[in-house]
Every structure is written in structure tokens, then in C-alpha cells.
Amino acid sequence: MTEAVAAGSDTDQGEVTATCLIDCSGWKGVLASSLDPTYTRHTRLNYGIECEVPYRSETIHFYLRPEGKRKEVIWVFPCGEQSRIGIGRYTGYAPLRSRLKAFMTERGLSLHRVHGGYFPYGFKPPVVGSLFVVGDAGGQCFPFTGEGIRSSIYFGLLCASLVQKIIDREISLEEGLHTYRRLILEYRRAFWILHSLQWLLITLPESLVCQIFRWASHPRLFSYLWQAYETVVSDRWIPAPPPPEEDLAPPVLP
């Protein structure tokens with residue numbers, strides 16, 4: 001692949017052509033890396049695994065597990081009658097399954113089906129040539145928290161709205177690429193803050209990290225921080241729901 005222009009591709013259903021190309025291939029950024037071999041930075045990858053178990057919790061819990069400067073974080077995310085319990089590492093791959101199992105055994109829980117993998121923390125250019133890059137492929141996973149689904153949905157909806165305008169000939173491909181790049185780069189500051197928090201968590205002494213966590217867990221301060229985090233990405237790109245069917249009925253003439 002030498003340039004991000006869609007000519008055609010032979011499949012078992014015949015040739016498929018496209019006007020726009022979008023790389024949403026995950027942290028490897030397959031298409032973007034084929035255009036720029038330096039695009040995917042393997043040194044900026046976190047690693048984690050998670051499982052869902054029947055465990056009810058009313059609040060989110062984080063457990064810091066230091067090993068010198070290499071720190072691991074265990075989380076418990078409540079999901080109704082279930083909870084997602086996982087472990088992540090900020091310094092790349094490590095065999096984490098045994099440590100997750102030990103944590104759960106201490107709480108009388110069994111380790112079931114596990115899923116996980118790498119997730120990037122380096123915000124990357126959202127456009128390579130004439131290629132849109134979305135989600136983990138573009139480093140749009142949040143550093144520090146490792147959250148990637150929400151940001152991928154939001155930025156994916158933004159990309160999709162622009163691509164639809166290109167298809168409908170409302171804007172040109174060049175205008176769509178420029179607009180996508182400009183809007184995504186507006187979030188650089190938020191990603192930089194989260195990246196800085198991750199760096200501090202790894203480098204600061206454990207005693208200081210624990211003190212900061214205790215300070216941040218004060219109900220009023222935590223509420224403010226959580227609200228700020230939740231609004232890193234907004235819902236402005238989520239399509240409005242269709243009107244109720246009664247609103248679609250033709251008016252009754254007198």
C-alpha cells in the first residue's frame with residue numbers, strides 16, 4: 001500500500017470499491033503503518049486482562065500493586081449483578097493471569113473466561129495521507145484509565161458523519177480529512193493530562209501516590225474529577241433518536 005486511495009479489492013463477492021478508507025484495525029494500525037512504518041509505537045503500549053464475575057459492588061475500586069517502578073493496577077467495575085475485575089500493567093506485557101487469580105481467590109471468587117490485550121496510550125495523528133484513523137489504531141484510548149470503547153465510539157461517529165458527507169458530495173475528501181484532523185486534535189490537551197497522570201503514577205514514590213489517591217477520593221473532589229473525566233468526550237456526535245411514530249403521521253386536515 002503506497003497511498004490511501006481506494007481503487008478496488010477482489011473478494012468472493014466480486015470487486016469492492018470505496019471513496020474513503022478508515023483504519024480501525026486496533027493498536028497495530030495496520031493500514032496507517034503500511035503508509036508510515038513509524039506510525040505504531042510499540043514502546044507506548046499498556047497491557048491488561050479482565051473477566052466478568054457474579055459479584056455486586058456499588059462503587060468502582062482501584063488497587064495499586066507496586067513492583068519498584070513497574071506498577072500494576074487492579075480494578076473492579078460494577079455492572080449490575082456482575083462486576084468486571086481486571087489487572088493492567090503500565091509497562092507492557094507481563095503474565096498477569098496468576099496475579100488476577102490470586103486477587104480473586106482472596107475474595108472467594110473464581111477466575112472464568114479472561115479477555116484482554118494491549119491498549120495504546122500515545123495520541124497519534126488522526127490522518128495519514130488520505131487515510132482516516134480511528135480508535136486504538138490512532139492512539140485514542142485514554143492513558144491512565146485505559147478506557148478505549150467510549151472514545152472509539154465518539155470519534156468513530158465523528159469520522160462516520162464526515163465520511164457520509166463526502167459520499168453525499170456535501171464536502172470533498174480533502175475537506176473531510178482536514179476537518180477530522182482539526183476536531184480530533186482539539187483533544188490533545190485532555191490526552192496529555194491523562195498521559196501525565198500515568199507517568200506520575202509510575203515514577204512517584206508509593207507513599208506519595210497513596211497520599212494523592214486518598215486526597216483525590218474525598219467525595220466532593222472525586223465528584224468534580226469524575227465529572228471532568230466523563231466530559232473529555234461529549235455526546236455531540238451521537239445521532240439523535242428518531243421521533244416517535246405519532247410525530248411521523250401526516251397532519252389531519254379539517
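The values are calculated or read from the model by the stated rules, or taken from the named source; none is laboratory data. This structure is a prediction, so every number in the text was calculated from the model and none was measured. Neighbour counts run over all protein chains shown; Cβ positions are idealised from the backbone, glycine included.
Some observations on this one:
- In the range 16-34, residue nearest to residue 135 (Cα to Cα) [restricted to those that are out of contact with any Ser or Thr (no Cβ under 6 Å at 6 or more places or on another chain), surrounded by fewer than 17 Cβ atoms within 10 Å (Cβ to Cβ) and of a type in the set (Val, Ile, Thr)]: 30
- Residue in the range 27-43 that is touching a residue at least 60 places away in the same chain (Cβ under 8 Å) and in a strand (DSSP E or B) present: no
- Residue within the range 90-99 that is touching a strand residue (DSSP E or B) at 6+ places or on another chain (Cβ under 9 Å), in contact (Cβ under 8 Å) with a residue 12 or more places away in the chain and crowded, with 19+ Cβ neighbours inside 10 Å present: yes
- Test: residue in the range 113-123 that is buried (at least 20 other Cβ atoms within 10 Å of the Cβ), among the hydroxyl-bearing types (Ser, Thr, Tyr) and touching a strand residue (DSSP E or B) at 6+ places or on another chain (Cβ under 7 Å): yes
- Screening residue 222 against (1) at pLDDT 85 or above; (2) of a type in the set (Phe, Trp, Tyr); (3) within 18 Å of the chain's Cα centre (by Cα) leaves a single unmet condition, (3).
- Residues that are free of Cβ contacts under 8 Å to residues at least 60 places away in the same chain, out of contact with any Lys or Arg (no Cβ under 8 Å at 6 or more places or on another chain) and more than 15 Å from residue 23 (Cβ to Cβ) occur in the range 110-132; there is at least one.
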